[in-house]
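Have a look at the structure below before the remarks.
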Amino acid sequence: MSLFPKILLSVHDMRFFFRTFAGIKQSTMAKKKILFINQEIAPYVPDNHMSIMGRELPRVMQEKGHEIRTFMPKWGNINERRGQLHEVIRLSGMNLIINDTDHPLIIKVASIQQARVQVYFIDNDDYFTKRQMEKDELGEDYPDNGERAIFFARGVLETVKKLRWIPDIIHCQGWMSAVVPFYIKKAYHDEPCFAETKVVTSLFTKTVSKDLGENFKQSLEFREATADLLKPYNDQFDIRELGKLAIDYSDGIIKADAEVNEELVSYATKKGLPILDYHEDFGDAYEDFYKLICPEEE
């Protein structure tokens, strides 16, 4: 008689175990690999809507069970000692040729302890280490911001290749990542890491005020990302043209601020792209949008 309750308990536990295991398995299969390419991430740069979103979005998605990788530029105003950044030797050492000039790629890494998020930093002495962010000490936009964005984009994608990590979704946040969609669809589309990747671009109000340099189109050329594909855009490549370039090669657009450039939103709408409106409580909304952009295979 004394064994009977134990047997019932054991059967109950087994049923609970199998139900729980099945639920975990089903949930795990539904998870995504998400690559976040951020212009800014707090606490490495001052708090603003973009930098806080750069930290919180990867954290939330990781807590939901998704596998993430997160990148940002190693801006010159980042305190490496305070942020505990250190170089990843095995990932550094590549040279990227931009505008016929070799630029060494340096990869650094750090962890945001409270968010439990690891961040990879794209660094280069000429473009980042010895500079501020998008503006110099006098508050003027750097004239080669376009080249800096190109170096950042290619640096991230080459590093992901070295990591042998295959993202389901690439989420670009900030103008510094705006050339990534173009490269994914044209320059890296044959790479195993990116052949099936979907691209989401977030639109923010924070941006640069000047154009991206006279040689931006020439510098942007790489592999099959040719000059012919850039003919529809103005020769003076300003931030609106950059936004259109990102939209043209993205699979979905997110209004990341309550007020964003309505011209770009209208442009994306005319192209028939899925657009997610601004959500202050973004976690579930963004996850559902990812599922829309990158549905599960049946």
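The values are calculated or read from the model by the stated rules, or taken from the named source; none is laboratory data. A quick note: this is a predicted structure, and the numbers were derived from the prediction, not measured. Cβ sites come from the backbone with ideal geometry, for glycine too, and all protein chains shown count toward neighbours. The accessibility values were calculated without ligands, DNA or RNA, using every heavy atom of the protein model including side chains. Shrake-Rupley method; radii C 1.70, N 1.55, O 1.52, S 1.80 Å.
Of note:
- Matching residues in the range 253-277 - criterion: being part of a loop (DSSP other than H, G, I, E, B), at negative phi and either free of Cβ contacts under 8 Å to residues at least 24 places away in the same chain or touching a Cys at 6+ places or on another chain (Cβ under 8 Å) (or both): Ala258, Pro274, Asp277
- Residues located in the range 58-95, provided they are under 18 Å from Ala178 (Cα atoms) and of a type outside the set (Val, Ile, Thr): Arg69, Phe71, Met72, Pro73, Lys74, Trp75
- Residues (assigned to a strand (DSSP E or B) and open to solvent by less than 10 Å² (accessible area, probe 1.4 Å)) located in the range 116-129: Val117, Val119, Phe121, Ile122, Asp123
- Residue in the range 189-204 that is within 19 Å of Ser51 (Cβ to Cβ), in contact with a Ser or Thr (Cβ under 7 Å, 6 or more places away or on another chain) and open to solvent by less than 50 Å² (accessible area, probe 1.4 Å) present: yes
- Looking across the range 156-188, the residues that are under 16 Å from Lys244 (Cβ atoms), among the aromatic types (Phe, Trp, Tyr) and open to solvent by less than 10 Å² (accessible area, probe 1.4 Å) come down to Phe182, Tyr183.
- Conditions (1) farther than 19 Å from Gly83 by Cβ; (2) open to solvent by 10 Å² or more (accessible area, probe 1.4 Å); (3) within 13 Å of the chain's Cα centre (by Cα); number of the one not met by Ala149: (2)
- Filter result (surrounded by 19 or more Cβ atoms within 10 Å (Cβ to Cβ), out of contact with any Leu (no Cβ under 6 Å at 6 or more places or on another chain) and without any contact (Cβ under 8 Å) to a residue 60 or more places away in the chain) within the range 97-115: Ile106
For (1) over 24 Å from Glu158 (Cβ atoms); (2) open to solvent by 10 Å² or more (accessible area, probe 1.4 Å); (3) of a type in the set (Phe, Trp, Tyr), each residue gets a yes or a no:
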| position | (1), (2), (3) |
| --- | --- |
| Lys217 | no, yes, no |
| Glu221 | no, yes, no |
| Thr226 | no, yes, no |
| Lys231 | yes, yes, no |
| Asp235 | yes, yes, no |
| Asp238 | yes, yes, no |
| Ala246 | no, no, no |
| Tyr249 | no, yes, yes |
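- Here Asp281 does not fit the description of being out of contact with any strand residue (DSSP E or B) (no Cβ under 7 Å at 6 or more places or on another chain), without any contact (Cβ under 8 Å) to a residue 12 or more places away in the chain and part of a helix (DSSP H, G or I).
- 2 or more residues of a type in the set (S, T, N, Q): qualifying helices (runs of 4 or more DSSP H) within the range 144-251: 145-163, 216-220
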